[in-house]
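*Asks:* Once you've had a glance at the structure underneath, I'll fire off some questions.
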Amino acid sequence: MTARVLDGKALSAKLRARVAEAAKGLPNTPGLAVVLVGEDPASQVYVRNKHRQAEEAGFKSFVHRLPADTPEDEVVALVERLNGDEAVDGILVQMPLPGGMDALRVIAAIDPDKDVDGLTETNAGRLLLGRRGLVPCTPQGSMMLAAEALPDLTGKTAVVVGRSILVGKPLALLLQAANATVTMAHSRTADLQAVCREADVLCAAVGRPGLLTKDHVKLGAVVIDVGINRVDAPEKGEGKTKLVGDVAPDAAEVAGAMTPVPGGVGPMTIACLLRNTVLAAARRRGLADPDV
Ligand code: NDP
């Protein structure tokens, strides 16, 4: 068996087109504000991509770049200003923040109804309680990719490897809300291989290249690889690197469908950020959720 490739690039393009259409239907242009503190090179790339894709979706995009030594109080004050800015529907503070800065305090300052990353306690609580909120983007994108292969998860067994607040925990809640029977695995799981082999839907959100191999995958399973790991790629030339996931390529011999890295969950994450922004914009105006 060779797994069907779950193409996140193609699916995210469709989602972005729906979001752009929904944005046109709103009385005001949705606004996304991104706050970047410091010069982390990966963060600079992410923020540039978010800015470009927000503009392509017809949004107003506001990027606030602050030096790494900006006092925490100033970052919080900026977030509070954005909370009160009528042109801003979504606020995202790019992580990681420079060392020494209290990320939890900065996140807590974001108005939950503009929290398009879904990281505030309020949105985490809404997700846990099954109430309408803003759902973290990577787990939401992972669910959409899984739905491409398995539109109905009712009664299916799902295993999530990784229990971070950003990915693993919210993804497990979303899978459970979709009526899957969910197991969460982590670094202390006794027999990871046996647990993973039970999964109809196997999600890896760990950050360890190739941790899961074909021996972890049940025949025909849907594999969602959230991991993004930069590794040496001597085959591309001296000093070259490449991105790989948490799932080894040989898993495709056993899986029924599998997301590639890059080009799987990654592109869905930004598209879901735009989706959250258009949802936040509609809700802030008292309108029904657009069909995105
Ligand atoms: P964290 O480091 O916060 O969490 C990693 C999790 O993996 C932890 O729960 C940890 O367990 C678990 N883990 C570590 N080692 C093992 C092991 N040997 N066996 C089983 N579980 C293990 O990472 P994130 O959740 O933030 O990110 C995970 C991956 O996803 C990273 O590669 C990251 O780059 C990527 N990512 C991709 C995104 C995208 O857009 N595609 C967005 C966000 C993240 P424990 O809790 O016991 O320590």
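The values are calculated or read from the model by the stated rules, or taken from the named source; none is laboratory data. Everything quoted here is computed from the prediction, not taken from an experiment. No Cβ is skipped: glycine too gets one built from the backbone with ideal geometry, and neighbour counts run over all protein chains shown. Surface areas here come from the heavy atoms of the whole protein model, side chains and all, with no ligands, DNA or RNA. Shrake-Rupley method; radii C 1.70, N 1.55, O 1.52, S 1.80 Å.
*Asks:* Tell me which of these Ala68 doesn't satisfy, since it passes every other one: (1) under 30 Å from Pro249 (Cβ atoms); (2) open to solvent by 30 Å² or more (accessible area, probe 1.4 Å).
*Replies:* So the condition that Ala68 fails would be (1).
*Asks:* If the requirement is being open to solvent by less than 20 Å² (accessible area, probe 1.4 Å), within 14 Å of the ligand (Cβ to nearest atom), of a type outside the set (Phe, Trp, Tyr) and more than 14 Å from the chain's Cα centre (by Cα), which of these qualifies: Leu212, Leu171?
*Replies:* Answer to the selection: Leu212.
*Asks:* Do the conditions hold for Ile91, that is, is it in a loop (DSSP other than H, G, I, E, B) and under 22 Å from the mean Cα position of the chain (by Cα)?
*Replies:* No, not satisfied.
*Asks:* Could you tell me how many of the residues in the stretch 1-12 are touching a residue at least 60 places away in the same chain (Cβ under 8 Å) and either among the basic types (Lys, Arg) or out of contact with any strand residue (DSSP E or B) (no Cβ under 8 Å at 6 or more places or on another chain) (or both)? Working first, answer last.
*Replies:* Residues of the stretch 1-12 that are touching a residue at least 60 places away in the same chain (Cβ under 8 Å), as a first pass: 1-9, 11-12.
From what's left, either among the basic types (Lys, Arg) or out of contact with any strand residue (DSSP E or B) (no Cβ under 8 Å at 6 or more places or on another chain) (or both): 1-2, 4, 7-9, 11-12.
So the answer is 8.
*Asks:* Looking at the stretch 131-210, what helices (runs of 4 or more DSSP H) fall wholly within it and have at least 1 residues that are closer than 29 Å to Arg16 by Cβ, of a type in the set (A, V, I, L, M) and free of Cβ contacts under 8 Å to residues at least 40 places away in the same chain?
*Replies:* 137-149, 168-177
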